[in-house]
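The values are calculated or read from the model by the stated rules, or taken from the named source; none is laboratory data. Since the structure is predicted, the reported quantities are computational estimates derived from the model, not experimental observations. Don't worry about glycine lacking a Cβ; one is built from the backbone with ideal geometry, like all the others, and counts go over all protein chains shown.
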Amino acid sequence: MASDVRVRAHAPGRVNLIGEHTDYTGGLALPMAIDLGTTVIGTRSLSGAVHDVRLRSADADGEAVVGPTVSDPAGLNPAWARYVAGVVHELRPTIGFVGDVTTTVPIGSGLSSSAALELAVALALGFDGSAYELAALAQRAEQVASGVPCGIMDQLASAAGVADHALLMNLTTLAVEPVPVPESAAIHVIHSGQHRQLAGSAYGDRRASCERATTIVGPLLDASVADLDAIDDDETRRRARHVVTENARVRAFAAAFRAGDLATAGAIMIASHTSLRDDFDVSTAVLDALVDRLAKTAGVHGARLTGAGFGGCVVALAEPGALREGWLVRASAGASVTTLE
Ligand code: GLA
């Protein structure tokens, strides 16, 4: 009989520097994996003594107990167990697992705490494949767990992270190109104090707008702002305009980052926030006020909402030492698993 194996799996959260609500349109994004993450330590029951997956969390209530043939991950409690169940649903592990979860990612704030949990659980359960395959599995897990038709950016950032680099993603080709984070860049993530209401319905509604626009003008990654004149409906046109201009901002931001031109990068972040506020309608008065205040702070190059919006966090690009609030994050390596003695 095979003996049990103890493992430690770790997956980082992510902050998206720019390229918001572009991933599910096959657009461009520039997130980075961060040094806040989720760790699963536990025992793979190769002996067959345990058949289900049992996890306790130091940071959230309750226990996740998931049987191998879970059919409705979204129906499970506690709520965090749904993400564990989503992974089991997609991975169909042939072993049981008993372990503990700890996290330093603020939960439900737009830093992909759920993606970090999904990746750490998948690796702990023995997932074996490429970073892209891991991200795709975790994306499906997130969708079945939450009912939100999310893109793959969060999971891919957590899987493919590179220390000291942001990740320039093309979500059509799935190419990921590491872009060095300039040494003079301090990246802060600041919570707005407004709990994120990622009403799946609002997210799904934005995605549907982009799909409508695509049926009229073709892939938004190839479209120009002038092409969008072919869209009669004002709301659909505005939302598509956000995506088209955001793709251009991702390219310009990556070029500015490479050149170490943080003033330009910061100005592009402000433009991104304005577009998310006015064209894509995913900001809130609280997020707007926080971005305005940060933008006026000495030594801050720029700021914008990060993640889906509707509350949650703002990301700010600043000179080192200029800001004393939020989490000062560094770009970190992607998810990994090790066997413990
Ligand atoms: C959430 C989703 C991502 C992405 C962002 C918005 O984080 O999970 O796929 O769409 O919103 O950029």
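The table below lists the values:
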| read-out | value |
| --- | --- |
| Matching option when the condition is assigned to a loop (DSSP other than H, G, I, E, B) and touching a strand residue (DSSP E or B) at 6+ places or on another chain (Cβ under 8 Å), among Leu167, Leu111 | Leu111 |
| Contacts under 7 angstrom Cβ, first residue in the range 134-149 being at negative phi, partner within 12 Å of the ligand (Cβ to nearest atom) and not in a helix (DSSP H, G or I), 6 or more apart | Ala135/Ile152; Ala136/Ile152; Gln139/Cys150; Gln139/Ile152; Glu142/Cys150; Gln143/Pro149; Gln143/Cys150; Val148/Leu198 |
| In the range 135-155, the residues that are more than 9 Å from the ligand (Cβ to nearest atom) and aliphatic (A, V, I, L, M) | Ala135, Ala136, Leu137, Ala138, Ala141, Val144, Ala145 |
| Residues that are within 21 Å of Phe253 (Cβ to Cβ) and outside any strand (DSSP E or B), drawn from the range 3-25 | Gly19, Glu20, His21, Thr22, Asp23, Tyr24, Thr25 |
| Conditions (1) closer than 30 Å to Ala175 by Cα; (2) among the β-branched types (Val, Ile, Thr); (3) in a loop (DSSP other than H, G, I, E, B): number failed by Val70 | (1) |
| Check on Leu221, in contact with a strand residue (DSSP E or B) (Cβ under 9 Å, 6 or more places away or on another chain) and part of a helix (DSSP H, G or I) | yes |
| Total residues in the range 245-266, condition of a type in the set (Val, Ile, Thr) and closer than 11 Å to Leu28 by Cβ | 1 |
| Any hit, the range 90-97, residues being in contact with a His (Cβ under 9 Å, 6 or more places away or on another chain), hydrophobic (A, V, I, L, M, F, W, C) and modelled with pLDDT under 95 | yes |
| Extreme residue, surrounded by the most Cβ atoms within 10 Å (Cβ to Cβ), among residues of the range 21-65 that are within 16 Å of the ligand (Cβ to nearest atom) and under 17 Å from Gly108 (Cα atoms) | Ala33 |
| Criterion violated by Val189 - all others in (1) touching a Ser or Thr at 6+ places or on another chain (Cβ under 8 Å); (2) free of Cβ contacts under 8 Å to residues at least 60 places away in the same chain satisfied | (2) |
| Single condition Val244 does not satisfy, out of (1) touching a Lys or Arg at 6+ places or on another chain (Cβ under 9 Å); (2) buried (at least 21 other Cβ atoms within 10 Å of the Cβ); (3) free of Cβ contacts under 8 Å to residues at least 40 places away in the same chain | (1) |
